[in-house]
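S.K.: This is the structure, below, for whatever I ask next.
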Amino acid sequence: MNSHMASQATKAETYQISVHDGEAQFTASSTVNLLVAMEQARESVIGVGCRGGGCGKCRIRVLDGDYESKRMSRAWISEEDEAEGIVLACRIFARSDLCIRPEPLPLATGYQPARSVSLSQAELK
Amino acid sequence: MKKGVMRPGHIQLRVLDMEEAVAHYRDLLGLIEVDRDDQGRVYLKGWTEVDKFSVVLREADSAGMDFVGYKCVNEGAVEQLRQELIEYGCKVEDIPEGELKGCGRRVRFDSPTGHLFEIFATKEQTGKWEVGNHNPEAWPRNLTGMKATRFDHCLLYGPNIAGTIDLFREVLGFDLAEQVLDGEGTRLAGFLTVSMKAHDVAFIEHPEPGKLHHASFFLETWEDVLRAADLISMTDTSIDIGPTRHGLTHGKTIYFFDPSGNRSEVFAGGDYHYPDHEPVTWDADKLGKAIFYHDRVLNERFLTVLT
């Protein structure tokens with residue numbers, strides 16, 4: 001995990017991204033996040049939201065393959081999710097061919113943002 | 001009825017990467033970075049704003065809004081409203097002077113939609129950036145990016161907007177300027193003002209509590225909105241929709257996202273409101289036109305992409 005890897009001058013590699021049921025396949029450059037790579041390929045198998053790791057619309061499970069990721073909102077990706085390969089497509093960069101499955105969540109109602117000390121007393125209803 | 005609340009004073013946003021966020025709010029939107037604190041928070045303002053700051057960025061593991069604060073005419077008004085908020089049933093927390101650098105004591109309170117709000121009266125006044133208020137020139141020559149002039153309002157999503165709208169009208173003295181009603185007369189959206197602006201805050205009904213739809217910044221002209229669109233493309237910034245016009249408030253607008261997924265708006269123009277104005281009403285079956293006046297079709301993203 002390296003939050004600044006996208007800005008590093010890495011040699012662009014191209015990988016094949018397949019959706020597990022064969023619904024779609026597209027190529028992704030290693031320098032472009034997986035969601036934008038999908039948009040550039042004019043595919044729509046993954047939901048597109050903010051493209052910044054905040055809104056959760058592009059939640060997917062990586063079934064096979066290697067990737068690097070940037071920070072993703074804990075409102076949508078728990079530590080357990082992340083360990084299982086559940087990620088936001090807008091925050092991962094392919095490091096091999098990948099097999100993925102969209103895994104959107106309708107709502108993230110259970111999540112409470114971590115607050116600084118002065119915010120902790122104010123419990124949300 | 002006015003209760004001593006003047007205007008939106010500040011919004012604290014959670015961001016996933018501070019360096020990227022500062023590039024968005026300072027270099028792209030053109031806000032002025034005015035301070036940082038020992039928690040690592042970054043303070044910014046639009047160049048026309050007289051108070052020291054209006055936007056605070058906090059790095060966190062989720063995106064969204066921590067709180068939005070409204071400035072009152074004086075400390076007496078804050079104290080009076082604090083009592084009324086307690087009587088209304090809000091959980092109230094006193095935030096000491098200096099917790100935000102340059103800001104006096106704040107009174108924070110919760111709301112039915114799950115958002116945290118604040119009122120305060122004292123903040124260091126550094127004046128309009130680079131021009132001041134004594135023989136001021138028209139504008140500073142060293143602005144960057146979109147040259148956003150001020151933090152204008154935010155649109156918040158949550159459950160029970162009826163409750164939060166009632167709180168803002170009855171306790172804080174906001175007026176309902178615009179609304180969206182469904183066939184049964186249920187209010188799906190409310191745009192509230194405490195000034196002559198078409199909105200100082202807006203709410204849309206949504207099942208998840210405490211959500212941010214967007215933080216909005218004011219530009220002077222439609223040409224500025226088009227130029228903002230050019231800058232969004234030049235910087236490969238994540239676009240949402242626009243440039244276009246809203247039916248609600250009639251502002252000319254463009255929506256885009258910060259690098260953590262918080263939606264930003266820059267807009268120009270729009271309607272005005274006096275306290276004797278009846279609320280402007282849009283029917284829910286005209287929601288497409290109400291939100292995007294030219295397309296007349298609502299995109300799914302507007303209703304569901306939130307932080």
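S.K.: Checking A:Arg61 against (1) surrounded by fewer than 16 Cβ atoms within 10 Å (Cβ to Cβ); (2) more than 9 Å from the chain's Cα centre (by Cα), only one condition comes out false. Which one?
M.R.: For A:Arg61, the failing item is (2).
S.K.: Which residues, counting only those in region B:44-62, are in contact (Cβ under 8 Å) with a residue 40 or more places away in the chain, away from chain A (no Cβ under 14 Å) and assigned to a strand (DSSP E or B)? Break it down stepwise before answering.
M.R.: Of region B:44-62, the ones in contact (Cβ under 8 Å) with a residue 40 or more places away in the chain are B:45-62.
Checking which are away from chain A (no Cβ under 14 Å) leaves us with B:45-55.
The answer is B:Lys45, B:Asp51, B:Val55.
S.K.: Further question: Of everything in region B:34-63, what is buried (at least 21 other Cβ atoms within 10 Å of the Cβ) and among the aromatic types (Phe, Trp, Tyr)? Give them in sequence order.
M.R.: If the condition is that a residue be buried (at least 21 other Cβ atoms within 10 Å of the Cβ) and among the aromatic types (Phe, Trp, Tyr), then B:Tyr43, B:Phe53 are the ones that fit.
S.K.: Then there is this: Of all residues in region B:96-123, how many are without any contact (Cβ under 8 Å) to a residue 24 or more places away in the chain and of a type outside the set (D, E, K, R)?
M.R.: 2
S.K.: Quick check: is even one residue across region B:69-84 touching a residue at least 60 places away in the same chain (Cβ under 8 Å) and within 14 Å of another protein chain (Cβ to nearest Cβ)?
M.R.: The answer is yes; a qualifying residue exists.
S.K.: Here's a follow-up. Which of the residues that make up region B:224-277 are open to solvent by 10 Å² or more (accessible area, probe 1.4 Å) and aliphatic (A, V, I, L, M)?
M.R.: B:Leu226, B:Ala229, B:Leu231, B:Met234, B:Ile239, B:Ile241
S.K.: Here's a follow-up. Go through region B:209-261 and count every residue that is small (Gly, Ala, Ser) and without any contact (Cβ under 8 Å) to a residue 40 or more places away in the chain. Don't jump to the end; show me each part of the working.
M.R.: Here is the first cut: in region B:209-261, the residues small (Gly, Ala, Ser) are B:210, B:215-216, B:228-229, B:233, B:238, B:242, B:247, B:251, B:260-261.
Then drop every residue that is not without any contact (Cβ under 8 Å) to a residue 40 or more places away in the chain, which leaves B:229, B:233, B:238, B:242.
Total satisfying the criteria: 4.
S.K.: Let me ask something else about it. Please enumerate the residues belonging to region B:170-209 that are surrounded by fewer than 19 Cβ atoms within 10 Å (Cβ to Cβ), assigned to a loop (DSSP other than H, G, I, E, B) and among the hydrophobic types (A, V, I, L, M, F, W, C).
M.R.: B:Met196
S.K.: Please work out which one of (1) small (Gly, Ala, Ser); (2) open to solvent by less than 10 Å² (accessible area, probe 1.4 Å); (3) over 11 Å from A:Ile17 (Cα atoms) is the condition A:Ala83 fails and give its number.
M.R.: Here A:Ala83 meets the rest and fails (2).
S.K.: What are the residues in region B:278-297 that are assigned to a loop (DSSP other than H, G, I, E, B) and loosely packed, with under 15 Cβ neighbours inside 10 Å, if any?
M.R.: Of everything in region B:278-297, those that are assigned to a loop (DSSP other than H, G, I, E, B) and loosely packed, with under 15 Cβ neighbours inside 10 Å turn out to be B:Glu278, B:His294, B:Asp295, B:Arg296, B:Val297.
S.K.: If you go through region A:64-75, how many residues are modelled with pLDDT of 95 or more and open to solvent by less than 60 Å² (accessible area, probe 1.4 Å)?
M.R.: 7
S.K.: Kindly check whether there is at least one residue in region B:234-248 that is over 30 Å from B:Pro207 (Cβ atoms), away from chain A (no Cβ under 14 Å) and out of contact with any helix residue (DSSP H, G or I) (no Cβ under 7 Å at 6 or more places or on another chain).
M.R.: Within region B:234-248 (the criterion being over 30 Å from B:Pro207 (Cβ atoms), away from chain A (no Cβ under 14 Å) and out of contact with any helix residue (DSSP H, G or I) (no Cβ under 7 Å at 6 or more places or on another chain)), the answer is yes, since at least one residue qualifies.
The values are calculated or read from the model by the stated rules, or taken from the named source; none is laboratory data. Just so we're clear, the structure is a prediction, and the values are computed from it rather than from any experiment. Using ideal geometry, Cβ is built from the backbone for each residue, glycine included, and neighbour counts are taken over all protein chains shown. SASA here: full protein model, heavy atoms, side chains in, ligands and nucleic acids out. Shrake-Rupley method; radii C 1.70, N 1.55, O 1.52, S 1.80 Å.
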